[in-house]
Amino acid sequence: MRTLVKNIEALCALPGVSGWEHPVREEILRQIGGSCDCSVDPLGNVIAFKKGRKTPKNKILYSAHMDEVGFVITFVEDSGLLRFAPVGGIDSRVVLGKAVEIGDKRLYGVIGSKAVHLQEEKERSEPQGPDKLYIDIGAESREQALEHVSPGDRAVFRAGFGRLGQDKLFGRALDDRAGCALLIELIGRDLAYDCHFSFTVLEETGCTGAATAGYGVNPDIAVAVETTTASDIAGVDPDKVVCALNSGPVVSFMDKGAVYDHGLYTLALETARRANIPCQPKQGVFGGNESRALQAARGGARTLAVSLPCRYLHSPACVIGEPDLAHTATLLEALLEAMAEL
């Protein structure tokens with residue numbers, strides 16, 4: 001378990017905004033290269049195959065995405081300040097005043113805006129969108145800024161990784177580096193059945209990577225290994241909590257992008273029950289993930305989502321429960337055996 005947490009920390013430390021996933025991809029290839037057959041497709045997905053002790057009746061794919069939400073530099077002002085746009089869904093209320101790292105050089109910057117005492121009343125009462133914000137890298141002019149950055153460079157939140165209390169972890173990009181770490185963990189095990197894996201690009205901007213990975217592998221069953229929003233916090237009505245930390249992995253029956261295979265949904269819950277693994281249904285139709293692309297690729301696939309409950313998604317400090325990590329890893333291995341001969 002300690003190794004799994006350390007690997008999540010290492011993966012979260014790498015920048016990997018959609019379309020700029022290469023640092024994460026290189027690290028994953030380094031870790032799994034000696035444990036399985038792997039390749040990189042033209043879009044940038046890592047496609048892996050791990051030989052198990054037996055050949056399954058069904059071709060199974062476990063998939064997790066490498067990319068994270070972030071920003072892209074769009075314009076450099078004469079003043080040297082950088083204009084930017086969000087990449088993926090980011091709540092503008094978590095952006096102002098945050099430190100960022102830009103490009104492969106990981107240049108430091110700070111997201112700023114007009115001083116509050118200069119803002120009109122309406123500006124002060126509403127969250128400021130990206131068009132009212134900028135990134136300050138300390139440059140004195142456009143020319144000086146362009147020596148270090150260019151339009152098209154990606155930026156990520158500069159954030160740490162650590163422990164909250166006794167059993168919770170916080171970090172940037174837990175969506176979905178935690179899922180990637182779980183797949184790496186599985187690849188390192190002596191699996192009962194052959195299994196395919198994909199570490200995909202461009203999930204946060206439309207699940208493009210999963211579409212090509214699903215087409216290339218052409219699985220009978222595809223499982224998205226993800227994070228999903230946990231709202232077990234103050235002020236949330238019970239029917240909007242969705243899932244809770246340290247109550248086990250989350251299994252979805254439907255979200256905003258996919259209707260999941262009901263047989264796989266019930267199989268996951270039953271497999272967890274039989275193995276005495278804490279598990280919870282995602283209680284509501286919210287969000288979405290790359291399952292929508294996996295189930296429609298090529299000839300189609302039966303799909304399932306197994307997710308870690310996560311507070312504060314798409315922020316500089318996502319929070320997950322350490323016990324959920326262990327239980328999700330156990331469930332994924334047990335599910336492989338259960339799905340193999342369906």
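Of all the residues in segment 253-285, those that are among the hydrophobic types (A, V, I, L, M, F, W, C), surrounded by fewer than 17 Cβ atoms within 10 Å (Cβ to Cβ) and more than 14 Å from THR328 (Cα to Cα) number 3. Checking the structure you have, find out if any residue of segment 218-237 is more than 25 Å from VAL285 (Cα to Cα) and either among the aliphatic types (A, V, I, L, M) or touching an Asp or Glu at 6+ places or on another chain (Cβ under 6 Å) (or both). Within segment 218-237, none of the residues are more than 25 Å from VAL285 (Cα to Cα) and either among the aliphatic types (A, V, I, L, M) or touching an Asp or Glu at 6+ places or on another chain (Cβ under 6 Å) (or both).
Quick grid of which residues meet (1) touching a Pro at 6+ places or on another chain (Cβ under 7 Å); (2) within 24 Å of GLU333 (Cα to Cα):
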residue	(1), (2)
ASP190	no, yes
SER198	no, yes
ASP237	no, no
VAL251	yes, yes
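How many residues are aromatic (Phe, Trp, Tyr) and touching a Ser or Thr at 6+ places or on another chain (Cβ under 7 Å) if we restrict to segment 58-114?
Kept after step one, since they are aromatic (Phe, Trp, Tyr), are these residues of segment 58-114: 62, 71, 75, 84, 108.
Among the residues that remain, those that are also touching a Ser or Thr at 6+ places or on another chain (Cβ under 7 Å) are: 84.
So the count comes out to 1.
THR229: among the β-branched types (Val, Ile, Thr) and touching a Phe, Trp or Tyr at 6+ places or on another chain (Cβ under 8 Å), yes or no? Considered against the rule, which asks whether it is among the β-branched types (Val, Ile, Thr) and touching a Phe, Trp or Tyr at 6+ places or on another chain (Cβ under 8 Å), THR229 comes out as yes. Which of the residues belonging to segment 4-41 are over 30 Å from LEU342 (Cβ atoms), in contact (Cβ under 8 Å) with a residue 12 or more places away in the chain and either assigned to a loop (DSSP other than H, G, I, E, B) or among the charged types (D, E, K, R) (or both)? Selection gives GLU9, ALA13, LEU14, PRO15, GLY16, SER18, GLY19, TRP20, GLU21, ARG25, GLU27.
Identify, please: which residue in segment 189-212 is of a type in the set (Gly, Ala, Ser) and surrounded by fewer than 17 Cβ atoms within 10 Å (Cβ to Cβ) and is, among those, farthest from the chain's Cα centre (by Cα)? Break it down into steps so the answer makes sense when it comes.
At the first step, the residues of segment 189-212 found to be of a type in the set (Gly, Ala, Ser) are 192, 198, 206, 209-211.
Among the residues that remain, those that are also surrounded by fewer than 17 Cβ atoms within 10 Å (Cβ to Cβ) are: 192, 206.
Numbers: ALA192: 27, GLY206: 13 Å.
Going through the qualifying residues, I end up with ALA192.
On the stretch given as segment 311-321, residues that are surrounded by 21 or more Cβ atoms within 10 Å (Cβ to Cβ) and either charged (D, E, K, R) or out of contact with any helix residue (DSSP H, G or I) (no Cβ under 6 Å at 6 or more places or on another chain) (or both) total 3. With the structure loaded, tell me whether ILE102 is over 23 Å from CYS207 (Cβ atoms), β-branched (Val, Ile, Thr) and surrounded by 14 or more Cβ atoms within 10 Å (Cβ to Cβ) or whether it fails that test. Considered against the rule, which asks whether it is over 23 Å from CYS207 (Cβ atoms), β-branched (Val, Ile, Thr) and surrounded by 14 or more Cβ atoms within 10 Å (Cβ to Cβ), ILE102 comes out as yes. Among the residues of segment 63-82, how many are more than 17 Å from GLY19 (Cβ to Cβ), touching a strand residue (DSSP E or B) at 6+ places or on another chain (Cβ under 8 Å) and acidic (Asp, Glu)? So the count comes out to 1.
Scanning segment 33-56 for residues that are in contact with a Gly (Cβ under 8 Å, 6 or more places away or on another chain) and not charged (D, E, K, R) returns SER35, LEU43, GLY44, ASN45, ILE47. Within segment 322-334, which residues are of a type in the set (Val, Ile, Thr) and surrounded by 22 or more Cβ atoms within 10 Å (Cβ to Cβ)? Matches in segment 322-334: THR328 only. Selection of segment 25-51 for residues being among the acidic types (Asp, Glu) and surrounded by 14 or more Cβ atoms within 10 Å (Cβ to Cβ) yields GLU27, ASP41. Quick check on ALA222: is it buried (at least 20 other Cβ atoms within 10 Å of the Cβ) and closer than 16 Å to SER291 by Cβ? Yes: the conditions hold for ALA222.
Condition check: in contact with a Pro (Cβ under 8 Å, 6 or more places away or on another chain), closer than 21 Å to ALA64 by Cα and touching a residue at least 40 places away in the same chain (Cβ under 8 Å). Does ARG177 satisfy that? No; evaluated as a whole, the condition is false for this residue. Among the residues of segment 291-309, the one identified as more than 14 Å from ILE221 (Cβ to Cβ) and more than 18 Å from the chain's Cα centre (by Cα) is ALA296. Looking only at residues in segment 140-176 that are of a type in the set (A, V, I, L, M) and buried (at least 21 other Cβ atoms within 10 Å of the Cβ), the one that is nearest to ARG2 (Cα to Cα) is LEU169.
Within segment 122-150, restricting attention to residues that are assigned to a loop (DSSP other than H, G, I, E, B) and either acidic (Asp, Glu) or more than 21 Å from ALA99 (Cβ to Cβ) (or both), the residue that is modelled with the lowest pLDDT is GLU126.
The values are calculated or read from the model by the stated rules, or taken from the named source; none is laboratory data. Since the model is a prediction, treat every value here as computed from it, not as a measurement. In this analysis, Cβ positions are derived from the backbone assuming ideal geometry, glycine residues included, and neighbour counts consider all displayed protein chains.
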